[in-house]
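Novice: There's a structure below that I have some questions on.
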Amino acid sequence: MAERREPVFMVATANDISQLPPELVRKGRFDEIFFVDFPSEAARGQIASIHLKKRGHDPKQFEVEALAKLARGFSGAEIEQAIVSASFEARARGESLRAADILAEIERTRPLSVVMAERIDALRAWAHERAVYADDEPEA
């Protein structure tokens with residue numbers, strides 16, 4: 001990274017930047033550190049719509065707004081998995097996927113933000129003074 005001869009735009013991701021060696025995250029290696037928190041309600045709705053469409057479903061036939069509200073604290077992957085799991089259950093019953101199936105799966109799921117709440121809070125605290133939030137403001 002330091003020996004680049006031409007303009008380079010480099011992006012790297014880390015689930016826990018505090019575990020990286022300081023020399024890797026100093027200015028000059030990367031120009032900015034962004035913190036990407038769990039998706040907002042609007043983003044959760046968009047994520048659900050994407051995964052419903054990906055599986056051949058019309059998002060308008062599902063309560064995407066209710067799903068997004070109920071999935072507070074869920075990652076995009078957890079929202080996808082709720083749709084996948086609900087789809088498997090509906091298929092096992094020999095029925096079409098319904099909004100109620102997805103909502104029930106979300107209610108059964110304990111997202112990472114709950115399971116690892118203390119570690120997530122510590123990462124947020126670390127990022128508060130050291131990183132730029134990728135979203136305008138963290139969700140309250």
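The values are calculated or read from the model by the stated rules, or taken from the named source; none is laboratory data. Note that the coordinates shown come from a computational prediction; the quantities given were computed from them, not determined experimentally. So basically every Cβ, Gly included, is an ideal-geometry build from the backbone, and we count neighbours across all protein chains shown. Note: accessible area is taken over every heavy atom of the protein model, side chains too, but ligands, DNA and RNA are not part of it. Shrake-Rupley method; radii C 1.70, N 1.55, O 1.52, S 1.80 Å.
Novice: Taking loop as defined by DSSP and a crowding limit of 10 other beta carbons within 10 Å, which GluC sites (Glu not before Pro) in region 42-113 fit? The partial results should precede the final answer.
Specialist: On the way: sites: Glu63, Glu65, Glu78, Glu80, Glu89, Glu95, Glu105, Glu107; in loops: Glu63, Glu95.
Sites meeting the loop and neighbour criteria: Glu95.
Novice: Grab the beta carbon distance between Ala42 and Ala14, set R0 = 25 Å, and tell me the FRET efficiency rounded to 0.05.
Specialist: Using R0 = 25 Å, I get an efficiency of 0.50.
Novice: Under unit Cβ charges (Lys, Arg +1; Asp, Glu -1), what dipole magnitude, rounded to 20 debye, does region 25-140 have relative to its Cα centre? Spell out each step's value before the answer.
Specialist: On the way: 18 positive and 21 negative charges, 87 e Å.
My answer is approximately 420 debye.
Novice: Any chance you could look up the accessible area of His51 with a 1.4 Å probe, heavy atoms only, rounded to 10 Å²?
Specialist: The accessible area of His51 comes to roughly 30 Å².
Novice: Separate question: Grab the Cα-Cα distance for Arg72 and Val84, subtract it from 0.36 nm times how many residues apart they are, and report the gain in nm with one decimal. Could the numbers behind the result be given before it?
Specialist: Values: separation 12, 0.36 × 12 = 4.32 nm, distance 1.80 nm.
Contour length minus the Cα-Cα distance gives 2.5 nm.
Novice: With point charges of +1 on the Cβ of Lys and Arg and -1 on the Cβ of Asp and Glu, referenced to the Cα centre of the chain, which listed residue (Ile33, Ala90, Gln46) lies farthest in the positive direction of the dipole?
Specialist: About the Cα centre, the residue reaching furthest to the positive side is Ala90.
Novice: Which chymotrypsin sites (Phe, Trp or Tyr not before Pro) does region 19-109 hold that lie in a coil by DSSP with at most 16 other beta carbons within 10 Å? Display every interim value, and only then the final one.
Specialist: Working: sites: Phe30, Phe34, Phe35, Phe62, Phe74, Phe88; in loops: Phe30, Phe62, Phe74.
The qualifying sites are Phe30.
Novice: With an 8 Å cut-off on Cα pairs and a minimum separation of 6 or more residues, tell me the relative contact order of the chain in percent.
Specialist: Over the chain, the number comes to 30 percent.
Novice: Restricting to DSSP H runs of at least four residues, report the calculated mean residue ellipticity at 222 nm for the chain, -39500 (n - 2.57) per run over all residues, nearest 500 deg cm²/dmol. Mind showing how you got there, number by number?
Specialist: Values: 7 runs with 71 residues, N = 140.
Helix contribution divided over all residues of the chain: -15000 deg cm²/dmol.
Novice: What is the set of long-range amide H partners of Phe35 at a cut-off below 5 Å, with H atoms built 1.01 Å from backbone N?
Specialist: Residues meeting the amide H criterion: Val132, Tyr133, Ala134.
Novice: What does the accessible area per residue of region 2-95 come to in Å², with a 1.4 Å probe and no ligands, DNA or RNA counted?
Specialist: The answer is 70 Å² per residue.
Novice: Which whole number of Å³ per residue matches the convex hull of the alpha-carbon atoms in region 1-52? Could the numbers behind the result be given before it?
Specialist: Numbers: hull volume 6.2 nm³, N = 52.
Cα-based convex hull of region 1-52, divided per residue, equals 119 Å³.
Novice: From the Cα trace of region 18-140, what convex hull volume per residue do you get, rounded to a whole Å³?
Specialist: Given the Cα convex hull of region 18-140, per-residue volume reads 128 Å³.
Novice: Pick from Lys53, Lys27, Lys69 the residue whose mean-square fluctuation is largest in a GNM of the chain, springs joining Cα atoms under 10 Å.
Specialist: Lys27
Novice: Return one number: the angle in degrees, 0 to 90 and rounded to the nearest 10, between the long axis of the Cα atoms of helix 99-108 and the longest principal axis of the Cα atoms of the chain.
Specialist: So the inclination is approximately 60 degrees.
Novice: So, in Å, what gap is there between the alpha-carbon centers of region 75-108 and region 27-46?
Specialist: Spelled out, the Cα-based centre of one part sits 27 Å from the other.
Novice: While we're here: If you fit an axis through the alpha-carbon atoms of helix 117-130 and take the longest principal axis of the Cα set of the chain, what angle between them do you get, 0 to 90°, nearest 10?
Specialist: Around 40 degrees separate the two axes.
Novice: Where the accessible area of region 1-117 is counted over protein heavy atoms with a 1.4 Å probe, how much of it, in %, is carbon and sulfur?
Specialist: Here it works out to 55 percent.
Novice: Accessible area, 1.4 Å probe, largest first: how do Ser18, Ser113, Ser96 sort? Provide the component values of the computation, followed by the final result.
Specialist: Details: Ser18 60, Ser113 25, Ser96 90 Å².
In descending accessible area the options line up as Ser96, Ser18, Ser113.
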